[in-house]
1. Against the conditions (1) in contact with a Ser or Thr (Cβ under 7 Å, 6 or more places away or on another chain); (2) of a type in the set (S, T, N, Q); (3) not in a helix (DSSP H, G or I), where does ASN173 fall short? Just the number, please.
2. Scan the stretch 93-124 for residues that are open to solvent by less than 50 Å² (accessible area, probe 1.4 Å), over 18 Å from LEU268 (Cα atoms) and either part of a loop (DSSP other than H, G, I, E, B) or at pLDDT 90 or above (or both) and jot them down.
3. Somewhere in the stretch 63-74, is a residue in a helix (DSSP H, G or I), open to solvent by less than 30 Å² (accessible area, probe 1.4 Å) and closer than 18 Å to THR144 by Cα?
4. Given the conditions (1) under 15 Å from LEU239 (Cα atoms); (2) out of contact with any Ser or Thr (no Cβ under 6 Å at 6 or more places or on another chain); (3) buried (at least 21 other Cβ atoms within 10 Å of the Cβ), which single one is not true for PHE310?
5. What number of residues within the stretch 211-230 are among the hydrophobic types (A, V, I, L, M, F, W, C), surrounded by fewer than 19 Cβ atoms within 10 Å (Cβ to Cβ) and closer than 18 Å to GLY326 by Cα?
6. Looking at the stretch 163-190, which of the residues that are over 16 Å from the mean Cα position of the chain (by Cα) and open to solvent by less than 10 Å² (accessible area, probe 1.4 Å) is farthest from LEU302 (Cα to Cα)?
7. Sort out for me the helices (runs of 4 or more DSSP H) sitting completely within the stretch 218-333 that have 1 or more residues that are more than 27 Å from ALA188 (Cα to Cα) and among the charged types (D, E, K, R).
8. Would you mind telling me which numbered condition in (1) of a type in the set (A, V, I, L, M); (2) within 21 Å of the chain's Cα centre (by Cα); (3) part of a loop (DSSP other than H, G, I, E, B) ALA127 fails?
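The values are calculated or read from the model by the stated rules, or taken from the named source; none is laboratory data. What you see is a predicted model; the values in this text were computed from it and never measured. Note that we place each Cβ from the backbone using ideal geometry, even for glycine, and neighbour counts take in every protein chain shown. For accessibility, only protein heavy atoms count, side chains too; no ligands or nucleic acids. Shrake-Rupley method; radii C 1.70, N 1.55, O 1.52, S 1.80 Å.
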Amino acid sequence: EVAVGLAVGMFSISGFLFRPWAGRLGDRRGRRPIIVGGAVLVALSVFGYLLANTPSVIVGLRFVTGIGEAFFFVGAASAVADLAPEDRRGEALSLFSLALYAAIGLGPILGEAAVEGLGFGAAWIAAASLATVAALFGLAIPETRVAGGEEADGDQPLIHRGAIRPGVILWANLVAMAGYFAFLPLYAREAGLDGSRLMFLLFSVVVIAVRSAGARIPDRVGPRRTSLGALLSTAAGMLLLASWPGLAGVVAGTGVLAVGQALAFPALMTLALRGVPASERGSLVGTFTAFVEVSFGLGPVLLGVVAAGFGFRGSFLAGGVVALSGLLLIPAR
């Protein structure tokens, strides 16, 4: 159990450490090299799982997989920010993030089918092959970096200051979701469900629907107002889970929480990118998205302490309070 936890967690640790490096490198050398290089790292490390015969080897390979994912995601998100007109950047980021949710939905299904049909080796080969396809697609995309980043090699900070405030707000929002993901499977039976799979399906459907049909909300309403609404919706969803026992409370809380999660990332990233020079976009994206790893690394731990003392509904309440605290950091204008 400890080895499984380390293997899963190591991915987030390396992602957190290397996303800022990936962002700065993307500003200096371009988006395409870190997209292709990141995908190749993922492919090679996952192929390496086939040869691993001890937990320590798996943990080391997972660390490398996390580095590759960090480089790939930062490169791809930076390219999207480069390509999108400023007045449609929120829409672009909303649509871009749908790929992540689609992969989270499809990945376990494909992986379990491969394991059940042909064994774990087939799952690693399939995953590594998909990463190889991603690298080939990366070779085909044009370079989007604006010239000028390489001229400031000695001046660019590793941590972009402009990303810290929106990143902390994102952390406050995602801690709630991390707690939901961690504890809903355990709470579901207390609430009268026979499992949590339908609630996760509902969560995904709502996120995909809002980010598809409402992709332009951050641009039309404004990233600041959208961020406010997202945090309030996240907090309201967690408070419903905490205060309304039974199936109805879980369904209502899941739906409201999902709306907040759907809007938060594109709105806050649009807010963070506002006014940032094109030559610093990669650095900002790298720093901003590192807070995702912090949220999913620390969130379940912090809320787990609350759950130990006050139960699962207490942890949902605490997650809602953390989300509300993010409102204090949203700029006045």
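1. (3)
2. GLY119, GLY121, ALA122, ALA123
3. Yes, there is a match, as at least one residue in the stretch 63-74 is in a helix (DSSP H, G or I), open to solvent by less than 30 Å² (accessible area, probe 1.4 Å) and closer than 18 Å to THR144 by Cα.
4. All conditions are met except number (3).
5. 1
6. Across the stretch 163-190, the extreme among qualifying residues is ALA188.
7. Because the criterion is at least 1 residues that are more than 27 Å from ALA188 (Cα to Cα) and among the charged types (D, E, K, R), the helices (runs of 4 or more DSSP H) in the stretch 218-333 that meet it are 223-243, 281-325.
8. Condition not satisfied by ALA127: (3).
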